[in-house]
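Colleague: The structure that follows is given in the form of structure tokens.
Read the figures in this text as sums done on the coordinates, not as results from a lab. Source: prediction; values computed, not measured. Cβ atoms come from the backbone with ideal geometry, glycine included; neighbour counts cover every protein chain shown.
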DNA sequence: GAACTTGACGAAACCGATTTCTTGCGCTCT
DNA sequence: AGAGCGCAAGAAATCGGTTTCGTCAAGTTC
């Protein structure tokens, strides 16, 4: 590693002057040239660790997400990155794997690395966010109510659940099941409540036994739940899944059983990633993943810039793509 | 931030002793207790920046991938993470977006952040890897021949191209097209060569005009290329795509045109992520993405541990899932 | 009992930047 | 001409750990 001292020696100036050149502080033109020449020749790159120790901050922002393999979170990550890159920051993505211990570990790292800020997408249980706010580090939380005085960006999950379910009833289905995620996750519970609310109002059939299936938030969870639904004495004629991956699993099971939408109604909260069948038959409640990311990033940048106003909560809405009506009667 | 000095003062010992306690160096039991009590009470977390400045290394490893939204790379990232987490390292994921400038920037960052090592998955052009190796930082490259003295983990891309194409001929197709990625990317070129080799040998039809389409490596590239293939005077009866996302695009176009495999043969090099149609009709050459990641991580760990042997290249093989034969004649 | 080894532990140097403090030069103002 | 000001730039302190070096006391050996 070439240090500032070597550059200073080569240029015949003091380290302080080299530092000033690199930070745009006033230095006489001839010394600037000397320093530039020396640093180019030595291929000097400032040591960020040293700089950060001195400055107590860096241009690094941590983004914690539970699952890098979920397209919802990668889209969100793109949004965050786009906004932060533009502002000169670099993003480091940390995969918490829905593990509170990992989440806490990464939060501690972000803290002791003196990162400029943190954007946190929820893990199933509460990690120790206080690790961060205690130290006054800027934090924005995505899709989780912390109860703490922290900025957050939310989706209107209740509305998403209502929209998905209503769309199926509107299309003519009457027995609408729900594949929900783990109960600990607040967002999926809200979506489920939306489903419950619409079903209570519009279902002709009053027996809901077995129509609500809880599953893990991944493809295999969706598969298991869909299989359970198909095995019911009176199976549903439509199903809502409260996230994208469970939707994929459900559709896989249906397609393997030879049942293709719109023979059965399917509404997915979230986007169907890389869909290989025509998604027109399926109702999708498009979550603004990327937009969530950019919004969170902008809020964080404001905090980093010194904005001290009380915590804000921004709620974004989802947009529905209505699926086809059932084939019956057509 | 609580510092080691405050802990030392509270415990009535020197900072050196506190450091020794935290690093497991010999300290008398009673002082250990004093230090532990003081640091617990103050909730002391060592400042990684300071530690790293002194130690010239950290437990952070950079993983550079071109596209976080591509499931191939996220699977690879999972592999890397699994292996490195177990060894006590944390992974920071950097999205290079196929942009050599971003790649170079992240490499510089990894370097000036004193990260323990770097795993680099290819971007379309050559970023400046020398930025790293110059400084003796451990690096492992995935799926790219650098020509430099650097460890790498490869897939046998030629064999993958051959396998995909052969599988289609074996299934009974005779006019097999290829949707290839950008020419600059070595891995896709190798796969294309595999296709060319098999086609030259087995195609009855000698006119290959238009059967090779170059496209960008994403879903829309696959769509455009597939549309072009369908518009040919004599369209192919089967197609190979040299990556996963272009495969998704191609299948989307086919399904929108009402052509469903195995009416047309489709072979994808890579896995079809989150497939919503039954993937049995499609030939997949499963790339060992996760395995690539764990292998790269292990090699990197060996280097970090001080292994000085000459650079190694590990070549992994893909595994084929044969798709269905064409409906014709059955 | 003197010389020597061993081990705990504090003082101080060190990592490489940034920044304050200080010096000294050149210019202006009266 | 001498006081005063502005500005470039070097010396040195600083960030918060780790580590070398030196000291001192306790234990060992002859």
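Colleague: When each pair of different Cα atoms in region A:54-128 is counted once in the 1/r mean, what is the Kirkwood radius in angstroms, to one decimal?
Modeller: About 12.5 Å, per the Kirkwood formula over Cα pairs.
Colleague: If you take the Cα Rg of region B:45-87 and divide it by 2.2 N^0.38 Å, with N the number of residues, what do you get?
Modeller: For region B:45-87, the normalised Cα radius of gyration is 1.52.
Colleague: From zero up to wherever the largest Cα-Cα distance of region B:207-292 sits, split into 10 Å bins and tell me the percent of pairs in each.
Modeller: Pair shares across the bins are 18, 55, 24, 4, 0.
Colleague: Can you put B:308, A:154, A:299, B:246 in order of Cβ neighbours within 10 angstrom, beginning with the fewest?
Modeller: Ascending Cβ contact count within 10 Å gives the list B:308, A:154, A:299, B:246.
Colleague: What is the Cα coordinate range of chain B on the first, second and third principal axes, sorted by size from largest, in whole angstrom?
Modeller: For chain B, the Cα extents along the three principal axes come out at 88, 38, 29 Å.
Colleague: Something else: First measure r as the distance between the Cβ atoms of residue A:228 and residue A:101, then evaluate 1/(1 + (r/R0)^6) with R0 = 25 Å and state the FRET efficiency to the nearest 0.05.
Modeller: Using R0 = 25 Å, I get an efficiency of 0.20.
Colleague: Sort B:81, A:184 so that the residue with the fewest other Cβ atoms within 10 Å of its own Cβ comes first and the one with the most comes last. Walk me through the numbers before you get to the answer.
Modeller: Numbers: B:81 25, A:184 13.
Result, fewest neighbours first: A:184, B:81.
Colleague: Please state the equivalent ellipsoid semi-axes for region B:6-103: what are the square roots of 5 times the Cα gyration tensor eigenvalues, largest first, in whole Å?
Modeller: Taking √(5λ) for each eigenvalue gives 40, 14, 11 Å, largest first.
Colleague: Counting other beta carbons within 10 Å of each residue's own, what order do B:166, A:28 fall into, fewest first?
Modeller: Working: B:166 21, A:28 9.
By the 10 Å Cβ count, ascending, the order reads A:28, B:166.
Colleague: Now for a separate question. Quickly estimate the mean residue ellipticity at 222 nm for the protein assembly as shown, helices only: each DSSP H run with n ≥ 4 gives -39500 (n - 2.57), and the total goes over all residues, rounded to 500.
Modeller: Using -39500 (n - 2.57) per qualifying helix, the result is -13500 deg cm²/dmol.
Colleague: List the distances, in nm to one decimal, from the label point of residue A:14 to the label points of the same position in every other copy, shortest first, placing each label point 7 Å from Cα along the Cα-to-Cβ direction.
Modeller: 3.1
Colleague: With an 8 Å cut-off on Cα pairs and a minimum separation of 6 or more residues, tell me the relative contact order of chain A in percent.
Modeller: 18
Colleague: How much length, in nm to one decimal, is gained on full extension between residue A:321 and residue A:16, taken as 0.36 nm per residue of separation minus their Cα-Cα distance?
Modeller: Values: separation 305, 0.36 × 305 = 109.80 nm, distance 6.03 nm.
Extending this stretch completely gives an extra 103.8 nm.
Colleague: Show me B:171-180, A:235-244, A:7-16, A:280-289 ranked by packing, highest mean number of other Cβ atoms within 10 Å first.
Modeller: A:235-244, B:171-180, A:280-289, A:7-16
Colleague: Measure nothing fancy, just the Cα-based angle from helix B:29-42's long axis to the longest principal axis of chain B, in degrees from 0 to 90, nearest 10.
Modeller: 60
Colleague: Output, in nm with one decimal and in ascending order, the distances from the residue B:156 label point to the matching label points of the other copies (7 Å from Cα along Cα-to-Cβ).
Modeller: List, nearest first: 5.7 nm.
Colleague: Moving to a separate point now. Per residue of B:247-253, count partner chain C-beta atoms within 10 Å of its C-beta, then hand back the mean as an integer. Spell out each step's value before the answer.
Modeller: On the way: counts 2, 4, 2, 1, 4, 6, 0.
So the per-residue partner count for this stretch is 3.
Colleague: Let me ask another. Just the number, please: Stokes-Einstein D of region A:8-60 in µm²/s, Kirkwood Rh from C-alpha pairs, 25 °C, 0.890 mPa s.
Modeller: Answer, rounded: 209 µm²/s.
Colleague: Just to confirm the number: angle between the C-alpha axis of helix A:71-86 and the first principal axis of chain A, 0 to 90 degrees, nearest 10?
Modeller: Long axis of A:71-86 versus the principal axis of chain A: about 30 degrees.
Colleague: Within 10 Å of each Cβ of B:138-150, how many other protein chain Cβ atoms are there on average? Present the calculation step by step, with values, prior to reporting the outcome.
Modeller: Working: counts 0, 0, 0, 0, 0, 0, 0, 0, 0, 0, 0, 0, 0.
For this peptide, the per-residue mean of nearby foreign Cβ atoms is 0.
Colleague: Turning to a different aspect of this structure: Which three extents, in whole angstrom, do the alpha-carbon atoms of region A:50-180 cover along their principal axes, largest first?
Modeller: 65, 29, 26
Colleague: For the protein assembly as shown, count the residues as N, evaluate 2.2 N^0.38 Å, and divide the Cα radius of gyration by that value, please.
Modeller: After normalising by residue count via 2.2 N^0.38 Å, the value is 1.07.
Colleague: Helix B:100-112 versus the longest principal axis of chain B: what is the Cα-based angle in degrees, 0 to 90, to the nearest 10?
Modeller: So the inclination is approximately 20 degrees.
Colleague: From the label point of residue A:308, set 7 Å from Cα along Cα→Cβ, how far away are the matching label points in the other copies, in nm, ordered shortest to longest?
Modeller: Output for residue A:308: 5.6 nm, nearest copy listed first.
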